[in-house]
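Below is one structure; the comments refer to it alone.
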Amino acid sequence: MAVSFEFFPPKTDEQRLQLDRTVEKLKVFSPRFVSVTFGAGGSTLSYTPETVARLRDHHQLDAAPHLSCVGGTRDEIRSLLERYQAMGCRRIVALRGDLPSGMGALGELRYAEDLVRLIREEFGNAFHVEVGAYPEVHPQADDAVADLRHFVSKMKAGADSAITQYFYNADAYFRFVEEARAAGVSQPIIPGIMPISNYTQLRRFSEGCGAEIPRWLGKRLQAFGDDAESLRAYAADAVAALCRRLQEGGAPELHFYTLNLAKPTLAVLERLR
Ligand code: FAD
């Protein structure tokens, strides 16, 4: 099955070396593309392009930048897109982003849909545009129906495919895809997979982004306490089982949130071989 990997942009030389080591190990799975996150409000303004360039030029990977629109002006976003186009990028992950608390104004583009429209209006088909999707509902959505409606109009505004927020409940994904298809979305919806290496960190992330850790999984992971090795093995089995179910249910490919670590993603991929 095709895979893609997500990285965050390193800011120190030590983190850069770590990312290089991680990429060397994951490259053997021939990812269809890799992507690099972007700090909303411009907090990784120089690091994201720098990392995309490194992945493209040094590692020869199809590296796609994430671009979030909240907090930025149309001109700023346009010039970043021009820069990516000049670098040879043909794929963008287009997001609204989340402004760090305390950062005032929303900017000229309020939703990812506005960014998709800007890309299509001003850059035509220069980029393959990926957007975010939320099988367990975006945490700020008014309700599930409104969230689905907004997702559908984002896809109809010109997105080529979607990558989901991570989840551990395959049925949430299958239902979401079914509802999106019924609403006229025909583009691929790629499941985002979060391998697990640390339960406390996972719980914190999940609270922030609205991903549910099923009770059976949370309780089981918690019971490993300080036994990190056993936790990782158990979690890799559970995440590999999720991936197998997604594969059998027709998921087009898998997108791994690597957090720049090779081991947790490798543990899952090796079980899937
Ligand atoms: P949108 O699609 O704009 O939706 C955001 C919210 O607004 C939803 O609740 C939606 O229902 C609602 N909404 C949408 N349109 C309307 C409308 N017209 N009227 C009223 N409400 C509306 N964040 C980063 O900062 N950097 C990253 O690199 C990054 N990468 C990500 C990668 C993936 C694959 C995913 C799934 C998320 C990523 N995020 C990233 C997180 C993302 O920015 C947040 O989840 C953000 O809160 C929503 O972004 P979005 O593009 O999905 O927003």
> Looking at (1) near the ligand (Cβ under 8 Å from one of its atoms); (2) acidic (D, E); (3) crowded, with 17+ Cβ neighbours inside 10 Å, which is the one condition that is false for E136?
Replying inline: (1)
> What single numbered condition from (1) open to solvent by less than 20 Å² (accessible area, probe 1.4 Å); (2) within 14 Å of the ligand (Cβ to nearest atom); (3) modelled with pLDDT of 95 or more fails to hold for V70?
Replying inline: (3)
> Hey, which of the helices (runs of 4 or more DSSP H) in segment 44-125, taking only ones fully inside, have at least 3 residues that are of a type in the set (A, V, I, L, M) and either closer than 18 Å to P9 by Cα or touching a helix residue (DSSP H, G or I) at 6+ places or on another chain (Cβ under 6 Å) (or both)?
Replying inline: 47-57
> So which residues in segment 253-273 are within 17 Å of P191 (Cβ to Cβ) and surrounded by 19 or more Cβ atoms within 10 Å (Cβ to Cβ)?
Replying inline: L254, H255, F256, Y257, T258, P264, T265, V268, L269
> From G250, G184, G225, which residue is assigned to a loop (DSSP other than H, G, I, E, B), small (G, A, S), surrounded by fewer than 22 Cβ atoms within 10 Å (Cβ to Cβ) and within 20 Å of the chain's Cα centre (by Cα)?
Replying inline: G250
> For segment 46-89, what are the residues that are touching a strand residue (DSSP E or B) at 6+ places or on another chain (Cβ under 6 Å) and of a type in the set (D, E, K, R)?
Replying inline: R56, D62
>> Looking at segment 5-22 only, could you name the residues that are part of a helix (DSSP H, G or I) and touching a residue at least 40 places away in the same chain (Cβ under 8 Å)?
In response: Q15, Q18, L19, R21, T22
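Answer yes if at least one residue in segment 255-269 is modelled with pLDDT of 95 or more, assigned to a loop (DSSP other than H, G, I, E, B) and more than 17 Å from the chain's Cα centre (by Cα), and no otherwise. Don't jump to the end; show me each part of the working.
Taking segment 255-269 as the starting set, the residues that turn out to be modelled with pLDDT of 95 or more are 255-269.
Restricting the remaining residues to those that are assigned to a loop (DSSP other than H, G, I, E, B) gives 258-262.
Then keep just the ones that are more than 17 Å from the chain's Cα centre (by Cα); that gives none.
No; the residues of segment 255-269 include none that is modelled with pLDDT of 95 or more, assigned to a loop (DSSP other than H, G, I, E, B) and more than 17 Å from the chain's Cα centre (by Cα).
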>> Given the options D114, D57, D13, D98, name the one that is within 12 Å of the ligand (Cβ to nearest atom), of a type in the set (D, E, K, R) and open to solvent by 70 Å² or more (accessible area, probe 1.4 Å).
In response: D98
> Under 8 Å by Cβ, and 6 or more places apart or on different chains, what pairs join a residue from segment 62-78 that is within 16 Å of F5 (Cα to Cα) and in contact (Cβ under 8 Å) with a residue 12 or more places away in the chain with one that is among the polar types (S, T, N, Q) and open to solvent by less than 10 Å² (accessible area, probe 1.4 Å)?
Replying inline: A63/S35; A63/T51; A64/S35; P65/S35; P65/T48; H66/S35; H66/T48
> Given the residues R203, R181, R215, which is the only one that is away from the ligand (no atom under 16 Å from the Cβ), under 21 Å from T258 (Cβ atoms) and among the charged types (D, E, K, R)?
Replying inline: R203
>> Give me the residue from segment 139-168 that is assigned to a loop (DSSP other than H, G, I, E, B) and more than 17 Å from the chain's Cα centre (by Cα) and, out of that set, farthest from the ligand (Cβ to nearest atom).
In response: G158
> Restricting attention to segment 20-49, and to residues there that are aliphatic (A, V, I, L, M), open to solvent by less than 70 Å² (accessible area, probe 1.4 Å) and within 15 Å of the ligand (Cβ to nearest atom), which single residue is farthest from Y257 (Cα to Cα)?
Replying inline: A40
>> Can you tell me which of (1) free of Cβ contacts under 8 Å to residues at least 40 places away in the same chain; (2) open to solvent by 30 Å² or more (accessible area, probe 1.4 Å) is the one A2 doesn't meet?
In response: (1)
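The values are calculated or read from the model by the stated rules, or taken from the named source; none is laboratory data. Just so we're clear, the structure is a prediction, and the values are computed from it rather than from any experiment. No Cβ is skipped: glycine too gets one built from the backbone with ideal geometry, and neighbour counts run over all protein chains shown. We work out accessible area using only protein heavy atoms, side chains counted, and drop any ligands, DNA or RNA first. Shrake-Rupley method; radii C 1.70, N 1.55, O 1.52, S 1.80 Å.
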